[in-house]
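Engineer: The structure's right below; bear with me while I get my questions together.
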Amino acid sequence: MTKRFLLSENEIPTQWYNIVADMKNKPLPMLNPGTRQPLKPEDLFPLFAEELAKQELNETDRYIDIPEEVRDKYKFYRSTPLVRAYGLEKALDTPAHIYFKNESVSPVGSHKLNSALAQAYYCQKQGVTNITTETGAGQWGTAMSYAAKAFGLELAVYMVKISYEQKPYRRSVMHTFGSQVIASPSMSTKAGRDILTKNPNYQGSLGTAISEAVELAMQTPNCKYVLGSVLNHVTLHQTIIGLEAEKQMAMAGEYPDIVIGCFGGGSNFGGVSFPFLRHNLLDGKTTRFIAAEPASCPKLTRGIFEYDHGDESGYTPLIPMFTLGHDFAPAHIHAGGLRYHGAGSIVSQLKKDGLMEAVDIQQLDSFKAGVLFAQTEGIVPAPESCHAIAAAINEANQAKIEGKQKTILFNLSGHGLIDMAAYDAYLADDLSNYELSDADIQKNVGKLEKIA
Ligand SMILES: *Cc1c(COP(=O)(O)O)cnc(C)c1O
């Protein structure tokens, strides 16, 4: 009974997978927010490193080489283990075979580093000296801080205020890596000041923090902005997860019937899924792909498909996406990385075309799943990852009801060792679920202009 599958250094994939090249229905074009014309790479050059802007709009190259310098840094922690969750299977008494890809072993504790290293590399290569970004729970800010240091860049991070206060240790980690951290909304940008004027007690959201980081990048010489999710190039970098998992599942002698990832903006879900989805698109496989989102921020299950901005102030391109509206203020659940109003354009198109599914998970169910996983597999999962675990448990229980052996793969996007305040609250019975009425949802999506 092999429990853990690893690749040797020369088996680690040397290219990322660009699923857009294989999609029959390409995502609708992103639009320049000023002209409303389809976005060209040049439109993105002021904000993003040129190579990243080109990757963002690349619809033709199925595979994109991972630069040598990035592969060198990947070797610090890749391949990550694929693990058969025998302990969890036993506790559930299920005929299902459950595997997880353990991205929590990266130096910063989550999958985010896979894209952070790539983005820092392309910025440095172009001669950029400063970068700005936002962070919700602090995972992306932490990953970007380490990556910036690794490639000699100065980084300023806008951190959602509620997390800045609730998760002081992620802030400490960012400081340790040498970056500057600012609670958002802040008075340092027009976007922040406008929001604070309207609502002085606003606890922040990813949408607001993105506006602030974009604004600072536009005003600082030789500075670019980097984003931790949602965009196509971020998900592209994350496909290293699924590409490795594909080889590791083969070592285990299995192929997944179901692939699951938790869902914030879609990067770890897309990362684990797209390399397998490729075989549905091209080779007639029938794997199911399930995005697990929080019931308090249900863009895929209850949002609408429309053009919307990626940020609160409307600085970013218009993205064709499943969205709850860019000024939707999600409840303060502990899975901070899932508190985002929209989904990336690729995932949104795949969902629209029925090539993937989505489920929503209540906060208490997510922690219940996380505690069971910790007790059976020995890893305390990130509150975000708990959503994927809850969805995997639901599928394993369904397999038991049907009396069928199914092979389930989920991505363990990160560990929760810096989120123990959230576990304390759960164990003390201090957490609640959040109900969102149709009227609450309509209030925000109703304001969106119809473009799609
Ligand atoms: C950021 C984060 C997520 C959500 O982001 P995606 O882009 O949807 O993957 C999930 N899990 C962890 C641990 C995170 O840090």
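Engineer: Taking region 220-260, which residues are of a type in the set (K, R) and within 27 Å of T129 (Cα to Cα)?
Structural biologist: Within region 220-260, just K224 meets the criteria.
Engineer: Another one. Quick check on Y146: is it closer than 17 Å to L216 by Cα and at pLDDT 95 or above?
Structural biologist: So Y146 fails the test.
Engineer: Looking only at region 153-168, how many residues end up being modelled with pLDDT of 95 or more and hydroxyl-bearing (S, T, Y)?
Structural biologist: Qualifying residue count, region 153-168: 1.
Engineer: Considering only region 284-313, how many residues are within 14 Å of the ligand (Cβ to nearest atom) and under 17 Å from K24 (Cβ atoms)?
Structural biologist: 1
Engineer: From the list K404, K447, which one is touching a Gly at 6+ places or on another chain (Cβ under 7 Å), touching a residue at least 12 places away in the same chain (Cβ under 8 Å) and part of a loop (DSSP other than H, G, I, E, B)? Break it down stepwise before answering.
Structural biologist: Numbers: K404 fails: touching a Gly at 6+ places or on another chain (Cβ under 7 Å).
Exactly one of K404, K447 is touching a Gly at 6+ places or on another chain (Cβ under 7 Å), touching a residue at least 12 places away in the same chain (Cβ under 8 Å) and part of a loop (DSSP other than H, G, I, E, B), namely K447.
Engineer: When you scan region 248-361 for strands (runs of 3 or more DSSP E) that lie fully inside it, which ones turn up with 3 or more residues that are closer than 30 Å to D61 by Cβ and of a type outside the set (A, V, I, L, M, F, W, C)?
Structural biologist: 304-309
Engineer: Kindly provide the set of residues from region 56-71 that are under 23 Å from G152 (Cα atoms) and under 20 Å from the mean Cα position of the chain (by Cα), ordered by number. Show your work before the answer.
Structural biologist: Here is the first cut: in region 56-71, the residues under 23 Å from G152 (Cα atoms) are 65-71.
Within region 56-71, I66, V70 qualify.
Engineer: Now, a different point. When you check A358 against the structure, is it within 14 Å of the ligand (Cβ to nearest atom) and surrounded by fewer than 24 Cβ atoms within 10 Å (Cβ to Cβ), yes or no?
Structural biologist: Working: within 14 Å of the ligand (Cβ to nearest atom): yes; surrounded by fewer than 24 Cβ atoms within 10 Å (Cβ to Cβ): yes.
For A358, the condition - within 14 Å of the ligand (Cβ to nearest atom) and surrounded by fewer than 24 Cβ atoms within 10 Å (Cβ to Cβ) - is met.
Table: residues versus (1) more than 22 Å from the chain's Cα centre (by Cα); (2) within 14 Å of the ligand (Cβ to nearest atom).
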| residue | (1), (2) |
| --- | --- |
| Q363 | no, no |
| S385 | no, yes |
| G414 | no, yes |
| L436 | yes, no |
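Engineer: For region 338-354, what are the residues that are in contact with a strand residue (DSSP E or B) (Cβ under 8 Å, 6 or more places away or on another chain) and surrounded by fewer than 19 Cβ atoms within 10 Å (Cβ to Cβ)?
Structural biologist: Matches in region 338-354: K352 only.
Engineer: Is it the case that some residue within region 414-425 is without any contact (Cβ under 8 Å) to a residue 24 or more places away in the chain and out of contact with any Leu (no Cβ under 6 Å at 6 or more places or on another chain)?
Structural biologist: yes
Table: residues versus (1) crowded, with 17+ Cβ neighbours inside 10 Å; (2) under 24 Å from G342 (Cα atoms).
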| site | (1), (2) |
| --- | --- |
| F367 | yes, yes |
| T376 | no, no |
| A392 | yes, yes |
| T407 | yes, no |
| F410 | yes, yes |
| Q442 | no, yes |
| K450 | no, yes |
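Engineer: Surrounded by fewer than 24 Cβ atoms within 10 Å (Cβ to Cβ) and charged (D, E, K, R), is that true of K112?
Structural biologist: On the way: surrounded by fewer than 24 Cβ atoms within 10 Å (Cβ to Cβ): no; charged (D, E, K, R): yes.
The answer is no for K112.
Engineer: Just one of (1) closer than 28 Å to E154 by Cβ; (2) away from the ligand (no atom under 16 Å from the Cβ); (3) not basic (K, R) trips up A118, so point out which.
Structural biologist: Checking A118 against (1) closer than 28 Å to E154 by Cβ; (2) away from the ligand (no atom under 16 Å from the Cβ); (3) not basic (K, R), the one that fails is (2).
Engineer: Among E89, E50, E68, which is the only one that is touching a strand residue (DSSP E or B) at 6+ places or on another chain (Cβ under 8 Å) and among the acidic types (D, E)?
Structural biologist: E89
Engineer: Can you spot a residue in region 276-283 that is within 13 Å of the ligand (Cβ to nearest atom) and modelled with pLDDT of 95 or more?
Structural biologist: Within region 276-283, not a single residue is within 13 Å of the ligand (Cβ to nearest atom) and modelled with pLDDT of 95 or more.
The values are calculated or read from the model by the stated rules, or taken from the named source; none is laboratory data. All figures in this text were calculated on a predicted structure; none of them were measured in a lab. Cβ atoms come from the backbone with ideal geometry, glycine included; neighbour counts cover every protein chain shown.
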